[in-house]
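Q: Supplied in structure tokens, the structure appears directly below.
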Amino acid sequence: MIHAELDRLQSCLNFALDTLRKEMDSSQLPPLSQYNSVEHPLDDPTTYLPSTALFEARRLSLGESTLYSVPLDKRMDERLAAYVAVCTDTLIKTGIIDYLSDVPNPSRGVSAAELASKFELDSQKLVPILRCYAANGWARETCDSSFALNRCSRTFIKGHPGWRLGLPTPGFMTMVEAVPHWATESDWKLSRSPTQTAFQIAFKTPLHRFSWIMQNQGTVISVSDHIQVIGDMSTPSIVADYPWEQLETSVIVDCGGGMGGLVSAILDAHPSFRAVVQDTEGIVSLTEERRPRHVESGILKVEVHDFFQPQRRIGNEYSFILRHIMHNWPDKEAASVARPIFISSKILIIDIVAVPNADSTSTKSFLLDSHANDLDYSIPSHFGSASEQVSAVSVHMLTLMNGCERSLHEWKTLVKGCGLRITNVYSLRAHPSIIECALDT
């Protein structure tokens, strides 16, 4: 009996895992293990940038599990996924993860009874929460009802990237639950306004998300930290994978640049540049606090600017960055962000380029290996399971602001309406890409 698709999948996974092993050895990385309680360099994309082949092999190795999964099991997994998230949130909020990281022998594990006593909790509630957490790869049950952190869960220790992503804003689940009604039955089902979304329904506000955040100052720092971590995940690749030395300008302007993490990294790698971070008044004060070295030296300026207003920085000495800005907004508003920038230099849109799910590609096109010439494994061009986060983020943007992640065709249409043209697209060792644009002359 011929199992053509299963054979292709097996060959594809074998090739990906062989490439992963080879690249890890050549980079002198330690072996991967879920039984190790010590962080692995590959666990933190904010500090370690893998080789291109290693990045692609990891993405490919996720495979296309729907080929052999049970549809009803997959549907149950979707329905119950929220519980995995709230189990993690519970263990972060209580401090249990920090406690497990500080015990004398962290790999041995701590009994649920001890944790319940320490944190004044009910062990009969704690055991199912910890088991759900462990079943999803975040911890180990070392013996019956005793649990230890593994290397992956250390990202949730206080101050680490996973912890900084933060607990969800109260009302988040209500917003998610509102999506089916909002998209199919509500008076707003045909609206593309950023003020007529499931966000307004859940939070009972006429304000769009960013205005709501600024009016609820208690959320500003946590949301800013959340966005900063998401940005930090791609910053090393942005700095390494774009030819910054080819920019014909001396000043980089980061529009909506948040707390300045990206331009600070660019300045460290390319000291000949100067930079400007533009954002709202509440965020600008945080930027000055977080980047004192660059601000005090004068190479980084921070200024209040609404990117829907005409750009105050005009001249050929400027290039502009729009990172994770355009995907927040519907087409009309997104065009209004880019249109006020009238320059003859470059605009760098750093956002996801969504890949349609309808076609397939070959490993030849992305794994840089001489042996790849002998291979022709057809895989989904969106990388199957590896694209789940991208697709979910697109729905999240839709739910918050009527925004979305756009395909290359959709990006071309959008920037053309702004009087721009795409001059190049740079793939990154991260989910986003750099879409390089210039005035359409």
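Values in this text are rule-based calculations from the coordinates and carry no lab data. This one's a predicted model, so the numbers in the text were calculated from it and none came from an experiment. Here the Cβ is made from the backbone with ideal geometry for all residues, glycine too, and neighbour counts use every protein chain on show.
Q: Express the relative contact order of the range 4-67 as a whole percentage, based on alpha carbon pairs under 8 Å and six or more residues apart in sequence.
A: 52 percent
Q: May I pose another question? Work out how much length residue 26 to residue 83 would gain on full extension: take 0.36 nm times their residue separation and subtract the Cα-Cα distance, in nm to one decimal.
A: 16.6 nm
Q: Quick one: dipole size for the chain, taken about the Cα centre, charges +1 on Lys/Arg Cβ and -1 on Asp/Glu Cβ, in debye to the nearest 20.
A: It comes to approximately 560 debye.
Q: What is the extension gain from residue 4 to residue 413, computed as 0.36 nm multiplied by their sequence separation minus the C-alpha to C-alpha distance, in nm to one decimal?
A: 143.4 nm
Q: Between 18, 77, 89, where does the largest GNM mean-square fluctuation fall for the chain, given springs only between Cα atoms within less than 10 Å?
A: So, out of 18, 77, 89, the one fluctuating most is 77.
Q: Same structure again: Apply the a/c threshold of 1.5 to the C-alpha gyration tensor of the range 1-112 and tell me whether it is rounded, prolate or oblate.
A: Oblate is the answer for the range 1-112, as a/c is 1.5 or above yet b/c matches or exceeds a/b.
Q: Continuing with the same structure: Please check: in the Gaussian network model of the chain (C-alpha springs, under 10 Å), which one of 430, 57, 135 has the largest mean-square fluctuation.
A: 135
Q: Continuing with the same structure: How big is the charge dipole of the range 4-67 about its Cα centre, in debye rounded to the nearest 20, if each Lys and Arg gets +1 on its Cβ and each Asp and Glu gets -1 on its Cβ?
A: 80 debye
Q: With no solvent and one point per C-alpha, what does the Debye sum give as log10 I(q)/I(0) for the range 71-164 at q = 0.11, 0.12, 0.25 Å⁻¹?
A: Relative scattering, expressed as log10 I(q)/I(0), comes to -0.30, -0.36, -1.39.
Q: Residues in the range 138-169 near a label at residue 38, defined as backbone nitrogen under 13 Å from the 7 Å Cα→Cβ point?
A: Those under the cut-off are 151.
Q: Anyone know which of 350, 213, 252 comes out most mobile in the 10 Å Cα GNM of the chain?
A: Most flexible of the set in this elastic network: 213.
Q: Does anyone have the angle between helix 71-94 and the longest principal axis of the chain? Alpha-carbon axes, 0 to 90°, nearest 10?
A: Orientation of helix 71-94: about 80 degrees from the principal axis.
Q: What list do you get for 158, 22 if you sort them by fewest beta carbons within 10 Å?
A: Ranked by crowding around the Cβ, least crowded first: 158, 22.
Q: Could you work out the relative contact order of the chain, using alpha carbon pairs under 8 angstrom and six or more residues apart, expressed as a whole percent?
A: Rounded, it is 16 percent for the chain.
Q: Let me ask something additional. Identify, among 390, 165, 278, the residue whose Cα sits farthest towards the positive end of the charge dipole of the chain, taking +1 on the Cβ of Lys and Arg and -1 on the Cβ of Asp and Glu, with the dipole about the Cα centre.
A: Among 390, 165, 278, the one farthest towards the positive end of the dipole of the chain is 278.
Q: Along the positive direction of the dipole of the chain (beta-carbon charges: Lys, Arg +1; Asp, Glu -1; about the Cα centre), which of 355, 99, 441 reaches farthest?
A: Of 355, 99, 441, it is 441.
Q: Separation between the residue 191 and residue 145 pseudo-spin-labels, each 7 Å from Cα along Cα→Cβ, expressed in nm?
A: The modelled label-to-label distance comes out at 5.2 nm.
Q: A further question on this structure: Using the Cα centre of the range 71-164 as the reference point, and only Cβ charges (+1 on K/R, -1 on D/E), how large is the resulting charge dipole? Debye, rounded to the nearest 20.
A: Magnitude of the dipole: close to 280 debye.
Q: Just to be sure I understand: of the beta bridges DSSP finds with both ends in the chain, what percent are antiparallel, rounded to 5?
A: 50 percent
Q: Given Cα pairs under 8 Å that are at least 6 residues apart, what percent is the relative contact order of the range 71-164?
A: RCO, the range 71-164: 29 percent.
Q: First measure r as the distance between the Cβ atoms of residue 441 and residue 269, then evaluate 1/(1 + (r/R0)^6) with R0 = 25 Å and state the FRET efficiency to the nearest 0.05.
A: 0.20
Q: For helix 52-61, what angle does its Cα long axis make with the longest principal axis of the chain, in degrees from 0 to 90 and rounded to 10?
A: Long axis of 52-61 versus the principal axis of the chain: about 50 degrees.
Q: For the chain, with the dipole built from +1 on Lys and Arg beta-carbon atoms and -1 on Asp and Glu ones, taken about the Cα centre, which of 255, 47, 29 lies farthest toward the positive end?
A: So the residue we want is 255.
Q: Simple spin-label model, 7 Å along Cα-to-Cβ: residue 76 to residue 392 in nm?
A: 2.0 nm
Q: Additional query: Which FRET efficiency value, to the nearest 0.05, do you get for residue 103 and residue 123 by plugging their Cβ-Cβ distance into 1/(1 + (r/R0)^6) with R0 = 25 Å?
A: 0.90
Q: With the cut-off at 1.5 for a/c, could you classify the chain from its C-alpha gyration tensor as rounded, prolate or oblate?
A: It comes out rounded by the Cα gyration axes.
Q: For the chain, what does -39500 (n - 2.57) per DSSP helix run (n ≥ 4), summed and divided by total residues, give at 222 nm, in deg cm²/dmol to the nearest 500?
A: Value at 222 nm, helices only, nearest 500: -13500 deg cm²/dmol.
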